[in-house]
1. Check whether at least one residue in the range 99-121 is among the basic types (Lys, Arg), touching a residue at least 24 places away in the same chain (Cβ under 8 Å) and closer than 24 Å to Leu19 by Cβ, and report yes or no.
2. What's the total number of residues in the range 14-43 that are of a type in the set (Val, Ile, Thr), assigned to a helix (DSSP H, G or I) and touching a residue at least 60 places away in the same chain (Cβ under 8 Å)?
3. Would you mind finding the one in Ser216, Ser240 that is farther than 21 Å from Asn64 by Cα and either in contact with a Pro (Cβ under 6 Å, 6 or more places away or on another chain) or of a type in the set (Ser, Thr, Tyr) (or both)?
4. Taking the condition of being within 10 Å of the ligand (Cβ to nearest atom) and closer than 20 Å to Leu31 by Cβ, how many residues in the range 117-128 meet it?
5. I'd like the residue in the range 50-109 that is in a helix (DSSP H, G or I) and among the small types (Gly, Ala, Ser) and, out of all such residues, is nearest to the ligand (Cβ to nearest atom).
6. How many of the residues making up the range 141-184 are modelled with pLDDT of 90 or more, within 17 Å of the chain's Cα centre (by Cα) and of a type in the set (A, V, I, L, M, F, W, C)?
7. Please note which strands (runs of 3 or more DSSP E) are completely contained in the range 202-264 and include at least 2 residues that are under 23 Å from Lys77 (Cβ atoms) and in contact (Cβ under 8 Å) with a residue 12 or more places away in the chain.
8. State the number of residues belonging to the range 210-244 that are within 12 Å of the ligand (Cβ to nearest atom) and within 15 Å of the chain's Cα centre (by Cα).
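The values are calculated or read from the model by the stated rules, or taken from the named source; none is laboratory data. From a predicted model like this one, the values you see are computed outputs, not experimental measurements. Neighbour counts run over all protein chains shown; Cβ positions are idealised from the backbone, glycine included.
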Amino acid sequence: MEFIDNKTIEDFSRDGAVLCKGMFIDWLDKLRIGVDKLIENPSVRERSYTPDDGTAPFFQDLVNWDRIPEFKDFVFKSKLGFYASKLMKSKQSQFFHDHVLVKEPGSSIVTPWHQDKPYYCVDGAQSVSFWIALDDISKEGCLECIAGSHLSNVLHKPKRFNGNDLYENDNSEDVPDINSNRKDYKILSWDIKAGDAVAFDFRTLHGASENVNKNSRRRVFSARIVGDDAVFVDRKGKGSPPFESVKLNTGDKLTGKEFPVIYKI
Ligand SMILES: O=C(O)CCC(=O)C(=O)O
């Protein structure tokens, strides 16, 4: 099946987000096994939140592709890099990182509106995250993306999902109060089936509700990829994820074993 046609590429360029139906359905079992292994044995980067209201936790962990074989297989053996190249209009795809987000049944933790780029040590206009659903997710519980927000040239202040600032002395603009003014925005969201992916640009404003489903988990594997124009940027803080082993300077081409090339024309 052809998952990315010209319309998908146009929609992604214009809106900064597009739904790719069934794109990774063949990888569901593997990714689910990988998530189970990760929860059993999380990394030092795990950042989970337990709500005060007694509802279930929100598990998060990042950069585990190199130690969870199922994730490594997915990154190198699936068509992830090929799809990313098409969407980014890039000759090559470089893996940036993986991010697992599991909202357990009924978890009340909301993902606040944010852009990913200000968290990251990478600059460039060619980027895509595939937010891959490992469970069916109704539209009310789906990732929401603001159409066109990737083109605004504004990078909003990154915060931890608990509201704490990511960087000290960060004077950048706060994310606007989107929820109080939802009618002013074109908000994209979808009814999602397990195996669907939402592809979105690192600059796109996005967020997600609590797990509206009391009976099922909301497991997501997010795969982040950059294109030909990716360069390292030092944002003067640890960033998220932190890449402590990377010793590049601002403006250097993003290279190193941390960021493998996974597709090249
Ligand atoms: O799944 C979520 O709750 C948020 C996902 C997200 O922010 C991301 O993948 O960048």
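1. Within the range 99-121, one or more residues are among the basic types (Lys, Arg), touching a residue at least 24 places away in the same chain (Cβ under 8 Å) and closer than 24 Å to Leu19 by Cβ.
2. Summing the residues that are of a type in the set (Val, Ile, Thr), assigned to a helix (DSSP H, G or I) and touching a residue at least 60 places away in the same chain (Cβ under 8 Å) in the range 14-43 gives 3.
3. From the options Ser216, Ser240, the qualifying one is Ser216.
4. Here the count works out to 0.
5. Top of the filtered list is Ala84.
6. 6
7. Output list reads 218-226, 261-264.
8. Total meeting the criteria: 9.
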